[in-house]
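Worksheet for the structure shown next.
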Amino acid sequence: MTGNGLFQIVIYFVVLFACVKPLGGYMARVYSGKVWLDKILGPVERLFYRAAGIDPKKSMTGKEYTFAVLMFSVGGFVLLYCLLRFQALLPMNPMGMANLTPDLAFNTAVSFVTNTNWQSYGGESTLSYFSQMVGLTMQNFVSAAAGMAVLIAFIRGITQKANPTLGNFWVDMMRGNLYILLPLSLILTILLGSQGVVQTFQEYIKVPGTEQVIAVGPAASQVAIKQLGTNGGGFFNVNSAHPLENPTPFSNFLEMLAIILIPAALCYTFGVMVGDRRQGWALLIAMTVIFIPLLLFCTVQEQQGNHQLDNLGIDQKASVSQPGGNMEGKEARFGIVNSTLWATLTTAASNGSVNSMHDSYTPLGGAMPLLLMQFGEVIYGGVGSGLYGMLVFVIITVFIAGLMVGRTPEYLGKKIGGFEIKMASIAILVSPLFVLAFTSIAVLTDAGKAGILNSGAHGFTEILYAFTSAANNNGSAFAGLTANTPFYNTLLGVAMLFGRFWIIVPVLAIAGSLAAKKPSPPSAGTFSTHTPLFVVFLVGVVVMVGVLTFVPSIALGPVVEHLSLMGK
């Protein structure tokens with residue numbers, strides 16, 4: 001890797017970590033008490049509670065909190081599905097977009113309600129402005145806030161002292177939207193607009209004297225929340241590789257920063273809310289320790305280029321006279337480093353947006369985004385969902401540590417019993433189950449094989465990537481797969497549903513169980529969960545679970561393709 005590329009990566013993480021403490025502390029105050037924005041937005045918040053008949057002082061048990069999350073998501077799905085099925089009859093449709101088919105409407109509604117944002121369609125050729133703004137953008141906000149609310153409920157479960165309540169879902173969701181997502185999105189929208197990201201309600205522009213039509217629309221506002229909420233659904237079909245969605249290097253940096261800004265800062269929020277900031281830093285360090293080597297490996301693989309082209313006498317290595325490396329599917333204005341940084345960030349963070357085409361990466365370079373999702377989207381992960389997923393791994397880690405020393409495992413003063421381990425095991429095993437089972441169905445059925453446009457190992461990787469992305473609520477695609485069919489729309493939609501809610505339910509069950517327990521004071525034998533030893537132990541557990549689960553499938557896909565590319 002060149003010094004310039006390394007410098008870009010260093011600058012990115014310096015800016016990111018500089019934002020972690022102030023934003024993380026602010027979010028802790030949002031969920032724990034009052035912030036200065038209460039003076040401005042407090043009346044709006046209270047008006048919402050009165051209009052909805054909500055008692056903001058009522059705290060919910062784990063079951064009540066879970067029911068509220070599920071019913072809210074069901075309601076959002078029904079509304080979005082109906083909107084997409086009847087968009088031709090609704091306003092703000094200057095290009096006369098038709099209604100979506102039942103299977104595509106199902107897939108899209110599930111996708112945005114689950115914070116996945118998988119897209120089996122091209123936004124500029126399928127959806128009206130009304131569908132984009134009122135349907136998709138609204139779900140970008142509320143699905144992200146719901147994930148953050150579940151995390152906050154989990155944190156309360158750890159900090160409560162023999163009190164089986166977890167707070168109020170409606171309050172947590174409202175405050176997450178009103179005080180965190182909305183202000184940040186407004187700031188980012190203005191910054192992106194200043195860089196040329198389009199924001200308009202006019203019809204598509206027809207270039208005089210030609211047949212060219214330039215798609216426009218209210219993109220900047222959707223791009224802001226798609227990044228900040230780790231949603232990822234692009235306004236245009238090629239997502240943030242589109243010059244009207246991501247026009248400059250500065251807009252590219254802002255959008256990359258937004259991908260993991262909130263997930264990283266939530267680690268500090270966790271530390272503040274549990275009364276020990278070292279706990280939050282330990283989790284953030286563990287995530288980064290896993291992420292950095294995969295980022296660097298992906299970058300090096302892309303800079304080495306496609307070895308098959310060596311036979312044609314084409315020198316692609318970035319360090320010599322033919323610059324660029326493997327630039328296929330990448331924007332020249334961003335280059336390899338900014339492409340691989342985005343590709344690994346978006347798959348680590350459950351975001352799914354892209355500024356390059358992952359399908360065009362080298363086999364081992366493309367395996368890194370795939371592997372980051374297969375770790376369970378806990379390396380930064382989605383807003384809220386990434387951290388509560390990592391906390392599930394923490395519970396498994398302290399349980400294993402307890403077995404090794406013959407002590408009852410505990411975490412932050414709460415004993416970890418059999419119920420917590422069972423729920424944690426369910427949460428960890430759900431995603432691999434649906435990834436591998438549905439991939440098997442797709443490669444064994446005619447309907448599944450009909451969507452494959454590339455033969456051999458690469459075609460298998462495209463299917464594996466699609467179901468990995470869906471079940472882990474990421475939303476990025478490897479392309480090369482015809483996914484807009486009843487078979488894939490339905491199966492991917494089911495994978496998204498289970499990947500989201502079969503993890504939320506056990507997570508809230510753990511939170512409710514921990515909340516009802518009395519705290520146990522630390523002793524000389526208590527395993528410290530903020531030390532370098534714990535970070536190493538946690539990293540080992542996350543990596544071993546992910547690698548051992550998916551090694552056979554990775555071997556059948558990217559590894560076989562790499563060996564074929566090398567002529568072996």
Quick count over the range 419-469, residues being surrounded by fewer than 18 Cβ atoms within 10 Å (Cβ to Cβ), within 18 Å of THR482 (Cβ to Cβ) and charged (D, E, K, R), is 2
Regarding the range 364-371, can at least one residue be identified that is farther than 22 Å from ILE260 by Cβ and more than 20 Å from the chain's Cα centre (by Cα)?
yes
Check whether at least one residue in the range 311-326 is at pLDDT 95 or above and among the aliphatic types (A, V, I, L, M), and report yes or no.
no
List pairs: first residue in the range 43-63 and closer than 24 Å to ALA509 by Cβ and in contact (Cβ under 8 Å) with a residue 40 or more places away in the chain, second residue part of a loop (DSSP other than H, G, I, E, B) and of a type in the set (Gly, Ala, Ser) anywhere in the structure, Cβ distance under 8 angstrom, at least six positions apart or on different chains.
SER59/GLY167; MET60/GLY167
May I ask you to say which residue of THR137, THR66 is polar (S, T, N, Q), touching a residue at least 60 places away in the same chain (Cβ under 8 Å) and out of contact with any Ser or Thr (no Cβ under 9 Å at 6 or more places or on another chain)?
THR66
Restricting the range 513-566 to residues that are free of Cβ contacts under 8 Å to residues at least 12 places away in the same chain and not in a helix (DSSP H, G or I), the residue that is surrounded by the fewest Cβ atoms within 10 Å (Cβ to Cβ):
ALA524
Candidates GLY75, GLY42, filtered to the one that is assigned to a helix (DSSP H, G or I), under 26 Å from the mean Cα position of the chain (by Cα) and of a type outside the set (A, V, I, L, M)
GLY75
Hits in the range 112-155 (condition: hydroxyl-bearing (Ser, Thr, Tyr), assigned to a helix (DSSP H, G or I) and more than 18 Å from PHE86 (Cα to Cα)):
SER143
Could you please give the count of residues in the range 159-177 that are surrounded by 19 or more Cβ atoms within 10 Å (Cβ to Cβ) and more than 24 Å from the chain's Cα centre (by Cα)?
5
In this structure, does PHE399 turn out to be surrounded by fewer than 24 Cβ atoms within 10 Å (Cβ to Cβ) and at pLDDT 95 or above?
no
Tell me, please, whether a residue that is of a type outside the set (Lys, Arg) and in contact with a Pro (Cβ under 8 Å, 6 or more places away or on another chain) can be found in the range 243-262.
no
Selection count where residues are outside any loop (DSSP other than H, G, I, E, B), surrounded by fewer than 17 Cβ atoms within 10 Å (Cβ to Cβ) and of a type outside the set (Val, Ile, Thr), scope the range 192-250
4
In the set ALA447, ALA466, ALA495, the lone residue that is over 22 Å from the mean Cα position of the chain (by Cα) and either part of a helix (DSSP H, G or I) or hydroxyl-bearing (Ser, Thr, Tyr) (or both) is ALA447
Regarding LEU100, is this residue outside any loop (DSSP other than H, G, I, E, B) and either at pLDDT below 95 or of a type in the set (A, V, I, L, M) (or both)?
no
Do you know which residues across the range 105-122 are buried (at least 24 other Cβ atoms within 10 Å of the Cβ) and either β-branched (Val, Ile, Thr) or more than 23 Å from ILE504 (Cβ to Cβ) (or both)?
THR108, VAL110, VAL113, THR114, THR116
Residues of the range 156-166 being modelled with pLDDT of 95 or more and assigned to a loop (DSSP other than H, G, I, E, B), which ones?
LEU166
Kindly indicate whether THR61 is surrounded by 12 or more Cβ atoms within 10 Å (Cβ to Cβ), within 30 Å of CYS267 (Cβ to Cβ) and in contact with a strand residue (DSSP E or B) (Cβ under 8 Å, 6 or more places away or on another chain).
yes
Do you know which residues across the range 1-22 are closer than 14 Å to ILE260 by Cα and of a type in the set (Ser, Thr, Tyr)?
TYR12
Check off (1) in contact with a Ser or Thr (Cβ under 9 Å, 6 or more places away or on another chain); (2) within 30 Å of LYS415 (Cα to Cα); (3) among the aliphatic types (A, V, I, L, M) for VAL539 and give me the number that stays unchecked.
(1)
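The values are calculated or read from the model by the stated rules, or taken from the named source; none is laboratory data. It should be emphasised that the depicted structure is a prediction, and the values quoted were computed from it without experimental measurement. For neighbour counting, all protein chains shown are included, and Cβ atoms are generated from backbone atoms with ideal geometry for every residue, glycine included.
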